[in-house]
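K.L.:
Below are the structure tokens for one structure; questions will follow.
Bear in mind that the values in this text are calculations on the coordinates, not laboratory data. Here the structure is a predicted model, which is why all the values come from computation and not from measurement. As a convention, Cβ positions derive from the backbone with ideal geometry for all residues, glycine included, and neighbour counts pool all protein chains shown.
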Amino acid sequence: MADEEAGDTERMEVSPELPRTPQRLASWWDQQVDFHTTFLHHLAQLVPEIYFAEIDPDLEKQEESIQTSIFTPLEWYLFGEDPDICLEKLKHSGAFQLCGKVFKSGETTYSCRDCAIDPTCVLCMDCFQSSVHKNHRYKMHTSTGGGFCDCGDTEAWKTGPFCLNHEPGRAGTTKENLRCPLNEEVIAQARKIFPSLIKYIVEMTIWEEEKELPPELQIREKNERYYCVLFNDEHHSYDHVIYSLQRALDCELAEAQLHTTAIDKEGRRAVKAGVFAACQEAKEDIKSHSENVSQHPLHVEVLHSEVMAHQKFALRLGSWMNKIMSYSSDFRQIFCQACLREEPGSENPCLISRLMLWDAKLYKGARKILHELIFSSFFMEMEYKKFFAMEFVKYYKQLQKEYISDDHDRSISITALSVQMFTVPTLARHLIEEQNVISVITETLLEVLPEYLDRNNKFNFQGYSQDKLGRVYAVICDLKYILISKPTVWTERLRMQFLEGFQSFLKILTCMQGMEEIRRQVGQHIEVDPDWEAAIAIQMQLKNILLMFQEWCACDEELLLVAYKECHKAVMRCSTGFMSSCKTVVQLCGHTLETKSYKVSEDLVSIHLPLSRTLAGLHVRLSRLGAVSRLHEFVPFEDFQVEVLVEYPLRCLVLVAQVVAEMWRRNGLSLISQVFYYQDVKCREEMYDKDIIMLQIGASLMEPNKFLLLVLERFELADAFNKTISTKDQDLIKQYNTLIEEMLQFLIYIVGERYVPGVGNVTKEEVTMREIIHLLCIEPMPHSAIAKNLPENENNETGLENVINKVATFKKPGVSGHGVYELKDESLKDFNMYFYHYSKTQHSKAEHMQKKRRKQENKDEALPPPPPPEFCPAFNKVINLLNCDIMMYILRTIFEWALDTDSNLWTEGMLQMAFHILALGLLEEKHQLQKAPEEEVTFDFYHKASQGLGSSTINAQNIQMLLEKLKGIPQLEGQKDMITWILQMFDTVKRLREKSCLIVATTSGSESIKNDEITHDKEKAERKRKAEAARLHRQKIMAQMSALQKNFIETHKLMYDSTSEMSGKEDSIMEEER
């Protein structure tokens, strides 16, 4: 047999005809010195013949010819024996531990909420059904296509990384046959074959010449057959393409529809065959007709039939390689090595990089197959996944810019593969350390958005392209992916590169700080509402990224302090205008403040302050670490300038107040929409909440009277409280009243909102519980409604399930409707009427519901604040706002206005808020007195509120006296219970102070107190003796009556029971006195 084959080989060398059987062809290839050239010659002869009929091909015959004449010989050449037997052996050599199934568009995927490292970790249906995760909390998704199953990836799952099908050492698989390595001969053959195949695939896929083939494929006589090829795009609808084809080709509707469907599915199709001139004419006609219905002409090219044939076969060869690599890790590694090898002496990048860089120019069908090739090779081998990721990051900017200019969907772009690399924790760390990927992504963002920068180098998205910005969001998403898993171990290089990335990210925030400033429209209504959606959408995209940056910084105290310093410098650079402008002086109650001349109602103001809010977030994390005391080492106190830091968030909060007061109604709906999102659950964590925190930072570091003077000045209420305003204009009075209400509410939030870990001594669970309590105080709600109103973290989790059962009970649905959660009675005590996440409507509804409930329970209608948690040490001084002179003056003035029959500058809502502030002050003092002796308690709200101010008659009245008078006003009937509660609390605090004095008094200095105590004790004993005697006397009488008048007792049983009850009450009173 060997001799016969040798003879055949000799004949083949001299004969132009190739061997007819796959085995003999493989043997002939083995005899050749240069496999690459031999194989290309083989393809040059066969491929154009097999793919000759491009417009109406016989697909079955094509596939049969390819298998017989190309793939089967290749398999014989690779394995050296019958490929069917070899592949069957490899197939049963043991399960590979990674599933790696690539999802098609519309396919169902599963993510375990308990075990997934992040929401991007998903399982295919088969793996999910065979895993432990089907008994956990999970989410189902519909894939957009392009992702792959993470079963077997130990970095993707906290527990249960393997399903039963992919678990190592599963039943029926021994350690010996778990992985059957290929023999050396097969590996050697693969090293010879794979580079040639890959080079052919890449060269033909990115081939630009429309008329000519590479020289090594030009061995046949060139024919004159060309194709007019139409490519898919996203600018034209089905109907546009069908119309253009019917007009240009003069074809039937059915034929045009057939072409259009194929183009949409595969990305391109030959719509006419013929000589070059005829195809060129068809091309021009199609472009001309398509321009009639769209600004963009259809993409049409004229390709030589042989170019078309080889490009089609290159993709089919890619699919064959996918199949071969699925059998062995060795094949995958050889493939990856060949793809990463750079040609010596060539300036071209490696083959896989060339494919990546050409991706945006490829049509849909080619992209899909090449991405699958990457999935089945690089992404199945962790070491080579790292090398691919490094190549990807090397060309990241160029790839993203091309994607943004492209019109194809993200799911078929090479840039969509970023999620497969950036979310792997070890790989993300490596890319940060070695390639500074955070800086690369942030610099890319800055480079793709320059057209939106104004002359002040701030973003302005007026007239933006929604499609382009939608593509920019993909870059922002990559930032989220790279940050999604916090590092557990920090190396010096990781710290240095992360800081560099953070500084680069601050440049983006600098361009956003103060962007899209607005000025209040006076007189005439704004003509056209400005675009606002883009800026808010970017804010939403950045929300979790901002939080993740802050969490990464908080992993390490030194890193956090350096990041704080950099962020502080960035804020100061953006605030130079504030420090250089002219000043104004505000005076009240003997206190003076010099500040910038500025009015929100007249000057420019912006709702976008991401730098200030990031600094507030970092400050809170410093507080949590207890590192605020070290801040002066990095930011000297003289450079800190807290007045500058609070200025811009304060302006933003004043803007919101003025919008509520309808001062900005001529600015249209765009501003109302921005204010809505500013406080909405989607944005508030990194907008509204952070502004409140920044003001709390200011209140903790500034002298309290100066802080309140600044607040009065920015709310434009200093004149109102100086009592220099005299107007009969009802609209103006209403405006002032609303502004005063908003300011008081703002002050309630500053001193009362402590449910942020780092601001108050609370945990995340307690924060979530409080949010749920206040939602359920409005009305019972289903699970979905509660979840919708809670902020999501980077893993799309709200923490709802962990705490809901502690505060609420589930009420099952009836015959119709849905089940709802109802608040437990013991959680009602935590209701705060001025909860800062309530909208106006929610506030009114919650107040009404709670008053109604208390009325039904025969309780008073007072709704005092619950005792707030303690501030963290860094925020301790915020409470000094409550008992400073200006605060007392504000409260006293409001009460005086209410008592003045000529004054219009008050409302019941305003008084209600003033009562709430009083209650907060008294609760704070009560808490401190219960915790420490009086001489250690410096907070003296009770004394301040009990003192008069000034010498005039009305000013000499203290707050308690004013409250007593307010009880008599008929319009305040609904507030009487609250006034009573406050007066009782005054009494409670007074008793606590007196009790504290009694405890700490010494013997030598408290003779009178001792005498009083002795007298008091004697009186108490005498009362006790008399009460006991009376009780015994009653018992004796009752016994006599029982014996002498039994019938009388039975007749008058009700009277007897009443008497006994009274006796029992008196006994209990006496027990208490004892």
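K.L.:
Taking θ as phi - 60°, what are the ³J(HN,Hα) couplings along region 374-390 by the Karplus curve (6.51, -1.76, 1.60), each to the nearest whole Hz, with x for Gly and Pro?
P.N.:
Listing the rounded values in order: 5, 4, 7, 10, 4, 7, 8, 10, 4, 4, 7, 4, 5, 5, 5, 4, 5 Hz.
K.L.:
In whole Hz, with x marking every Gly and Pro, tabulate ³J(HN,Hα) for region 935-945 from phi via Karplus 6.51 cos²θ - 1.76 cosθ + 1.60, θ = phi - 60°.
P.N.:
Those phi angles translate into 5, 8, 8, 8, 6, 10, 4, 4, 5, 4, 6 Hz.
K.L.:
Can you pull out the trypsin sites (Lys or Arg not before Pro) in region 279-318 that DSSP calls coil and that have at most 10 other Cβ atoms within 10 Å?
P.N.:
On the way: sites: 283, 287, 312, 316; in loops: none.
Counting only loop positions with at most 10 other Cβ atoms within 10 Å, none of the trypsin sites (Lys or Arg not before Pro) in region 279-318 qualifies.
K.L.:
When the dipole is taken about the Cα centre of region 95-170, and only Lys, Arg (+1) and Asp, Glu (-1) are charged at their Cβ, what size is it in debye, to the nearest 20? Please report the intermediate quantities before stating the final value.
P.N.:
Numbers: 8 positive and 8 negative charges, 44 e Å.
About 220 debye.
K.L.:
Still on this model: Compute and list, largest first, the equivalent-ellipsoid semi-axes of the chain from the alpha carbon gyration tensor, each √(5λ) rounded to a whole angstrom. Write down the numbers at each step before the final one.
P.N.:
Working: eigenvalues 1170, 257, 151 Å².
Equivalent ellipsoid semi-axes, largest first: 76, 36, 27 Å.
K.L.:
Could you work out [θ]222 nm for the chain from helices alone, using -39500 (n - 2.57) per DSSP H run of at least four and dividing by all its residues? Round to the nearest 500 deg cm²/dmol. If you can, show how the numbers build up before the last one.
P.N.:
Numbers: 46 runs with 614 residues, N = 1074.
Computed mean residue ellipticity for the chain: -18000 deg cm²/dmol.
K.L.:
If I stretch the segment between residue 45 and residue 682 completely, what's the gain in nm (0.36 nm per residue apart, minus their alpha carbon distance), one decimal? If you can, show how the numbers build up before the last one.
P.N.:
Numbers: separation 637, 0.36 × 637 = 229.32 nm, distance 6.18 nm.
Length difference between fully extended and current span is 223.1 nm.
K.L.:
I need the shape label for region 462-530. Rule: rounded when a/c is under 1.5, else prolate if a/b > b/c, else oblate, with a, b, c from the alpha carbon gyration tensor. Mind showing how you got there, number by number?
P.N.:
Details: a/c = 4.22, a/b = 2.31, b/c = 1.83.
Prolate, because a/c is 1.5 or more and a/b exceeds b/c.
K.L.:
Distance between the C-alpha centers of region 719-773 and region 266-343? Whole Å please.
P.N.:
About 64 Å separates the Cα centre of region 719-773 from the one of region 266-343.
K.L.:
Expressed in nm to one decimal, what extension gain is obtained for the pair residue 394 and residue 908 from 0.36 nm per residue of sequence separation less their Cα-Cα distance? Don't skip to the answer; put the middle values down first.
P.N.:
Working: separation 514, 0.36 × 514 = 185.04 nm, distance 6.44 nm.
Gain in length upon complete extension: 178.6 nm.
K.L.:
Can you give the direction-averaged projected area of the convex hull of the alpha-carbon atoms in region 764-849, in nm²? Write down the numbers at each step before the final one.
P.N.:
Values: hull surface 24.4 nm².
So the Cα hull casts an average projection of 6.1 nm².
K.L.:
Rounded to the nearest Å, what's the spacing between the alpha carbon centres of region 654-707 and region 499-549? Just the number, please.
P.N.:
14 Å
K.L.:
Label 7 Å along Cα→Cβ of residue 557; region 605-644 residues with amide nitrogen under 11 Å?
P.N.:
So the set is 625-631.
K.L.:
Something else now. Could you give the angle, 0 to 90 degrees to the nearest 10, between helix 35-50's Cα long axis and the longest principal axis of the Cα atoms of the chain?
P.N.:
Helix 35-50 sits at roughly 90 degrees to that axis.
K.L.:
Still on this structure, I have one more. When a/c reaches 1.5 or more, the comparison of a/b and b/c decides; with that in mind, is region 95-170 rounded, prolate or oblate per its Cα gyration tensor?
P.N.:
Values: a/c = 1.66, a/b = 1.22, b/c = 1.36.
Oblate, because a/c is 1.5 or more while a/b does not exceed b/c.
K.L.:
Continuing with this model, one more query. Can you tell which of 923, 959, 895 lies farthest toward the positive end of the dipole of region 883-994, using +1 and -1 charges on the Cβ of basic and acidic side chains (Lys, Arg; Asp, Glu)?
P.N.:
My answer, from the dipole projection, is 923.
K.L.:
While we're looking at this one, here's another question. Loop only per DSSP, at most 15 neighbouring Cβ atoms within 10 Å: give me the GluC sites (Glu not before Pro) in region 268-342, ordered by residue number.
P.N.:
Numbers: sites: 281, 284, 291, 301, 306, 342; in loops: 342.
Of the GluC sites (Glu not before Pro), the ones in loops of region 268-342 whose Cβ has at most 15 other Cβ atoms within 10 Å are 342.
K.L.:
Once amide H atoms are built 1.01 Å from N in the peptide plane, which residues 5 or more positions from residue 138, or in another chain, come under 5 Å H to H?
P.N.:
113
K.L.:
Rounded, prolate or oblate: pick one for region 22-92, where a ≥ b ≥ c are the square roots of the eigenvalues of its C-alpha gyration tensor, a/c under 1.5 means rounded, and failing that, prolate if a/b is larger than b/c, else oblate. Present the calculation step by step, with values, prior to reporting the outcome.
P.N.:
Values: a/c = 3.13, a/b = 1.30, b/c = 2.41.
Oblate, because a/c is 1.5 or more while a/b does not exceed b/c.
K.L.:
Give the angle, between 0 and 90 degrees and rounded to the nearest 10, that separates the Cα long axis of helix 1007-1044 from the longest principal axis of the Cα atoms of the chain.
P.N.:
Approximately 90 degrees, to the nearest ten.
K.L.:
By how many degrees, between 0 and 90 and to the nearest 10, does the Cα long axis of helix 908-931 differ from the longest principal axis of the chain?
P.N.:
Between the helix axis and the principal axis of the chain, the angle is about 80 degrees.
K.L.:
If the viscosity is 1.002 mPa s and the temperature 20 °C, what translational diffusion coefficient in µm²/s does Stokes-Einstein give for region 356-431 when Rh comes from Kirkwood over Cα pairs?
P.N.:
Values: Rh = 12.7 Å.
This corresponds to a translational diffusion coefficient of 169 µm²/s.
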